[in-house]
Amino acid sequence: MPLDDQRPAIDRRAFLFGASAAATCLTASPGLALPFLRRSSPEPAGAPRSLMMIHQQSEEVFNEVYFDGNIYDLDALKRFAHFARDLRTNEVGEMNPHLLDLASEIQQHAGADAPLILTHGFRSSSRNVRGGAANSHHLHGQALDIAHYSLSIGALHQHAAKIGRGGLGRYSTFIHIDIGETRRW
């Protein structure tokens, strides 16, 4: 058998060995995994996550564990979607669970004993026409505008900035958070 015919078999074996070693490293050391394989939330998988919010306009309260340590509670996510609905049109949009993770983490930094105040959640496309960004994250259930009962907007903004991910904007009466690209305004 000529040497050239053996080359593909050796390359295939080397590839399979290398792929197997890489997979072993990634599962043995998840911290070394490529960024897209890492969890987007800094909390360990086994830690339950909760969120306490009061809607500024409707005065409704959302105070629930929405992640039990293994999976997201779909009923809690549906209740949050209703809580964060567009009150002018009464339209409910699906809210991204990672947005709740971000809000929960901000609440932990700001003081978990005091609720966040939801000023704006989901925004319907008909309402967004009046001054909203053309492709606002609010339209896709990926943004919230929030305040805090015992912190100034500046202090809440600083707590959110420490997290260092997603969009973060500061306005006079609330901060905007979203799970889009990391950017600040």
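Say R0 is 22 Å: what FRET efficiency, to the nearest 0.05, do M52 and E94 get from their beta-carbon distance? Write out the running numbers ahead of the final one.
Numbers: r = 21 Å, r/R0 = 0.97.
Efficiency computed from Cβ-Cβ geometry: 0.55.
For the stretch 49-185, what is the accessible area per residue in Å² when the probe is 1.4 Å? All intermediate terms of the calculation are to be shown ahead of the outcome.
Details: 6680 Å² over 137 residues.
Heavy-atom SASA per residue in the stretch 49-185 reads 49 Å².
Amide H contacts for M52 (H built 1.01 Å from N in the peptide plane; partners 5 or more residues away or on another chain; cut-off under 5 Å): L116. Between the beta carbons of I153 and S125, assuming R0 = 35 Å, the FRET efficiency works out to 0.80 to the nearest 0.05.
Label point of I163 set 7 angstrom out along Cα-Cβ; within the stretch 55-81, amide nitrogens under 18 Å from it belong to 55-56, 62-69, 72-73, 77, 80-81.
The values are calculated or read from the model by the stated rules, or taken from the named source; none is laboratory data. Because the structure is a prediction, the values reported are computed rather than measured. Methodologically, a virtual Cβ is constructed for each residue, glycine included, from the backbone with ideal geometry; neighbour enumeration extends over all protein chains shown. With ligands, DNA and RNA removed, areas are computed over all heavy atoms of the protein, side chains included. Shrake-Rupley method; radii C 1.70, N 1.55, O 1.52, S 1.80 Å.
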